[in-house]
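*Asks:* First the structure, which I've put down as structure tokens, then a few questions once you've had a look.
The values are calculated or read from the model by the stated rules, or taken from the named source; none is laboratory data. It should be emphasised that the depicted structure is a prediction, and the values quoted were computed from it without experimental measurement. Cβ: placed from backbone, ideal geometry, glycine included. Neighbour counts: every protein chain shown.
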Amino acid sequence: MNVVRSWMSRLFDLSPSMIIVAVMGSLLAAFTLIIYGFLRVLYVIWELVSERDLSDKQEGHLSIEFIELIDVFLIGVILLIVALGLYQLFVDEKTTLPSWLRIRTLDELKHRLIGVICVVLGVNFLSNVSEWSGGTDILYLGIAIGIVLLALVFLLKAVDDSIQEEVHLLREEREERELAKAPEKPAGDRAAS
């Protein structure tokens, strides 16, 4: 039994290192996608300038290219949020980040991720609509994405309720600590007030 406890203790000691590996992997993937997206933007612009084609067909092609690139950037942002969130939650909670990027609980991280995933799904659908050539396939895709979005909205609501409950409990806890710290008024002072 002591051997099992010893191994478990060692595994738990390694867990922060595993989180750092996950953070590094997410950061590397995020930076790769963001740099790739930037290079693709430059390439699309270079193609436009070198071809000197300002037709309506080229306009449609550009729209599709840039919508797909937005998708690449958004996935990069998701990975960046995951990396920062995991780092804040498990490695260093005192990291200085803008308030809109601070993550205090796993539920907050889920909340942010679900929001960005909804946007990615919308952009993906828009990209498919812009390439649509007719038929009912777009209807099925729209229904499928709609069902996923509906499920994510319900999940977002559940996570939001969980966050609100946690905030409420933290406020109650803080108020109790403040009351415990406040000096007790003598009986004569209470009667005077």
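*Asks:* If I ask for residues that are surrounded by 13 or more Cβ atoms within 10 Å (Cβ to Cβ) and of a type in the set (D, E), which ones from the stretch 34-52 would you list?
*Replies:* Passing the criteria: only E47.
*Asks:* Evaluate the stretch 20-29: report whether one residue or more is touching a residue at least 60 places away in the same chain (Cβ under 8 Å) and within 19 Å of F73 (Cβ to Cβ).
*Replies:* For the stretch 20-29, residues touching a residue at least 60 places away in the same chain (Cβ under 8 Å) and within 19 Å of F73 (Cβ to Cβ): present.
*Asks:* If you check I64, I70, I103, which single one turns out to be outside any helix (DSSP H, G or I), on the phi < 0 side of the Ramachandran plot and in contact with a helix residue (DSSP H, G or I) (Cβ under 8 Å, 6 or more places away or on another chain)?
*Replies:* Going through I64, I70, I103 in turn, just one is outside any helix (DSSP H, G or I), on the phi < 0 side of the Ramachandran plot and in contact with a helix residue (DSSP H, G or I) (Cβ under 8 Å, 6 or more places away or on another chain): I103.
*Asks:* Ok, one more. Please go through the stretch 56-89 and pick out each residue that is farther than 21 Å from F125 by Cα, at pLDDT 80 or above and surrounded by fewer than 18 Cβ atoms within 10 Å (Cβ to Cβ).
*Replies:* L89
*Asks:* Just to be sure, is I143 under 30 Å from L169 (Cα atoms) and either β-branched (V, I, T) or under 22 Å from the mean Cα position of the chain (by Cα) (or both)?
*Replies:* No, not satisfied.
*Asks:* Every residue in the stretch 18-32 that is more than 10 Å from V82 (Cα to Cα), β-branched (V, I, T) and surrounded by 13 or more Cβ atoms within 10 Å (Cβ to Cβ), please.
*Replies:* Answer for the stretch 18-32, where residues must be more than 10 Å from V82 (Cα to Cα), β-branched (V, I, T) and surrounded by 13 or more Cβ atoms within 10 Å (Cβ to Cβ): I19, I20.
*Asks:* Sort through G60, G76 and tell me the only one that's touching a residue at least 12 places away in the same chain (Cβ under 8 Å) and closer than 20 Å to V119 by Cα.
*Replies:* That would be G76, the only listed residue that is touching a residue at least 12 places away in the same chain (Cβ under 8 Å) and closer than 20 Å to V119 by Cα.
*Asks:* If you check Q88 against the conditions, is it touching a residue at least 12 places away in the same chain (Cβ under 8 Å) and out of contact with any helix residue (DSSP H, G or I) (no Cβ under 8 Å at 6 or more places or on another chain)?
*Replies:* yes
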